[in-house]
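Below you'll find the structure, written out as structure tokens, and then a few comments.
The values are calculated or read from the model by the stated rules, or taken from the named source; none is laboratory data. None of these values were measured; they are calculated from a predicted model. Please note: Cβ atoms are built from the backbone with ideal geometry, for glycine as well, and neighbour counts cover all protein chains shown.
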Amino acid sequence: MRGFLASSIGVTCAAALALPLTLPSSGARAAAPGAPSAAGPATEAVPGSTQSIPLTPLGSDRALGSSEAREQGLARRDVRPFSLVGVVWNDPEAELHGTVQVRTRATGTTTWSDWQHVETHNHEHAADPDTSERAAGTVRGSTAPLWVGDSDGVEIRVRAEPADPADPADPAEPAATDRAATDRALVAGTAATPLPEGLRLELVDPGDDPPAQNPGHKAPRAPSASELSAASSAVNADLAPIGASVIPALTKRQTENDLIAARGGPAAAGKAEPKARPYVGPRPRIITRKGWGADEKLREKHFAYTKTVKAAFIHHSATGNYYRCSQSAAVIRSIYRFHVKSSGWRDFGYNFAVDKCGNIYEGRAGGVAKPVLGAHTLGFNTNSMGIAVLGTYSWSTPPKAAVNAIARLTAWKLGLYGANPRGTTYLKSGGGNLYKKGRNVRLRVISGHRDGFATECPGSRLYQKLGKARSTSARYQGR
């Protein structure tokens, strides 16, 4: 089982009590006493499921071993219902140089989708090197997950790219052009980059949505369960009742007063209001893990924290844009299960998620106001937070509602830690492909993932909107 991160980049839950919005000691424990392990009993039913199917050589490669095959996959087959797909492999340090394409059949029909491209480069979304999460021996290499909707049939092909492609891919049509270039190179006899060992197709069923909670109703603690659920909720106890599905929005004045009181200012002592009020945006409405239906038995039972929040890294989930906002919770549950069960992470990788309608969701457990250590930006998870916009925004423009949600969320969370959304800050690199380990790097307080790691994420179209998000966030803070 992945252990609690106890290195210099993490702090104990007790130390977290000194953070800007402190929580009662009863809600700040690292884990509930007597809580079951994250894996849970083998016979215990959990919402959702994962099917893991080994890939095999295709076509002329069938006579080769999997390590030599240049094309692996599965022919069309019937499977149990699922809604999200991805591919994993044994070595988390290995990269998949090639193309992954899938097509699926809608449940209960004979209708098959067109071939869809799966983003292959996902290793940059991970825990930092030298952390317990990274070194636990459970982490695997993986593609990005792709949301395909309710399906019960699948076909997949994974093709290695030529070692020296003669025809670079056209970014407008990555899947089709990469495949054509690979075909020409293989016909010409050009060597292909080996595919990673142990390729497996992961099919994720997100399970059912949680039942609607009656507003104002305090959810009871289920005796069987839910010590882990109660612990996950208790770290937000100053913001909403334990078991709440939603942390309600506050006005700017209410948020300022709460922050002043938490810091022991005049509001806490009943004194006159201070002349200089803090730069913090109004707290936005946040759907909790309870609200989106997180199965808390999947994650590592402890929480892990960094020291502060100096920057926010913006991502896209690369799961595609073919989801309805009513399906957002299911998309998040699917990504969560893929991150933990398929990729071997301790929890959902991002600190927050935002859907295309502008709804904000709690991500990695540990408390939305706390500096929870995520696994979103390899090399820069320390003293930062990660926000993933659900969708793929390389060629699609993100909705205004999503960009505004980034601004609202960062104005509040960065404001708790005194960070200016228009400003810059320094973060020490934990190691990556842009900055060597130990280097102090000057970054924007609101950065795109690509600012800390050479990657397409958060997609060119979303990256172009970050200037707007910064200025709007600063305005919400009153700057």
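Could you check, for the stretch 323-339, whether at least one of its residues is more than 21 Å from Ser49 (Cα to Cα) and assigned by TED's automatic domain parsing to the domain that holds Arg408?
For the stretch 323-339, residues more than 21 Å from Ser49 (Cα to Cα) and assigned by TED's automatic domain parsing to the domain that holds Arg408: present.
Looking for whichever is of a type in the set (Ser, Thr, Tyr), surrounded by fewer than 16 Cβ atoms within 10 Å (Cβ to Cβ), more than 21 Å from the chain's Cα centre (by Cα) and within 30 Å of Gln327 (Cα to Cα) here; the options are Thr111, Thr99. Which one fits?
Thr111 is the lone residue from the list that is of a type in the set (Ser, Thr, Tyr), surrounded by fewer than 16 Cβ atoms within 10 Å (Cβ to Cβ), more than 21 Å from the chain's Cα centre (by Cα) and within 30 Å of Gln327 (Cα to Cα).
Taking into account only those residues within the stretch 32-77 that are modelled with pLDDT under 70 and in contact with a helix residue (DSSP H, G or I) (Cβ under 6 Å, 6 or more places away or on another chain), which is farthest from Thr138 (Cα to Cα)?
The qualifying residue farthest from Thr138 (Cα to Cα) is Ala32.
Of everything in the stretch 351-361, what is closer than 23 Å to Ser142 by Cα and not in a loop (DSSP other than H, G, I, E, B)? Give them in sequence order.
Across the stretch 351-361, the qualifying residues are Phe352, Ala353, Val354.
Based on what the data block shows, is Arg337 at pLDDT 95 or above, within 25 Å of Glu202 (Cβ to Cβ) and within 13 Å of the chain's Cα centre (by Cα)?
Taking the combined requirement at face value, the residue satisfies it.
Taking the stretch 129-165, which residues are out of contact with any helix residue (DSSP H, G or I) (no Cβ under 9 Å at 6 or more places or on another chain), in a loop (DSSP other than H, G, I, E, B), touching a residue at least 24 places away in the same chain (Cβ under 8 Å) and surrounded by fewer than 22 Cβ atoms within 10 Å (Cβ to Cβ)?
Asp130, Ala136, Thr138
Condition first: within 16 Å of Ser132 (Cα to Cα), in contact with a strand residue (DSSP E or B) (Cβ under 9 Å, 6 or more places away or on another chain) and of a type outside the set (Lys, Arg). Can you find one or more residues in the stretch 383-390 that meet it?
Taking every residue of the stretch 383-390 in turn, none turns out to be within 16 Å of Ser132 (Cα to Cα), in contact with a strand residue (DSSP E or B) (Cβ under 9 Å, 6 or more places away or on another chain) and of a type outside the set (Lys, Arg).
Let me spell it out: the conditions are (1) more than 26 Å from Ala127 (Cβ to Cβ); (2) of a type in the set (Lys, Arg); (3) at pLDDT below 95, and Lys436 meets all of them except one. Which number is the exception?
If we test Lys436 against (1) more than 26 Å from Ala127 (Cβ to Cβ); (2) of a type in the set (Lys, Arg); (3) at pLDDT below 95, just (1) comes out false.
With a cut-off of at least 3 residues that are more than 18 Å from the chain's Cα centre (by Cα) and among the hydroxyl-bearing types (Ser, Thr, Tyr), name the helices (runs of 4 or more DSSP H) lying wholly within the stretch 390-479. Break it down into steps so the answer makes sense when it comes.
Working: elements: 400-416, 460-463, 466-477.
In the stretch 390-479, 466-477 are the helices (runs of 4 or more DSSP H) which contain 3 or more residues that are more than 18 Å from the chain's Cα centre (by Cα) and among the hydroxyl-bearing types (Ser, Thr, Tyr).
Residue by residue through the stretch 101-123, note down the ones that are part of a strand (DSSP E or B), of a type outside the set (S, T, N, Q) and farther than 16 Å from Thr392 by Cα. Break it down into steps so the answer makes sense when it comes.
Initially, the stretch 101-123 is screened for residues part of a strand (DSSP E or B), giving 101-106, 112, 116-118.
Subset that is of a type outside the set (S, T, N, Q): 102-103, 105-106, 112, 117-118.
Within the stretch 101-123, Val102, Arg103, Arg105, Ala106, Trp112 qualify.
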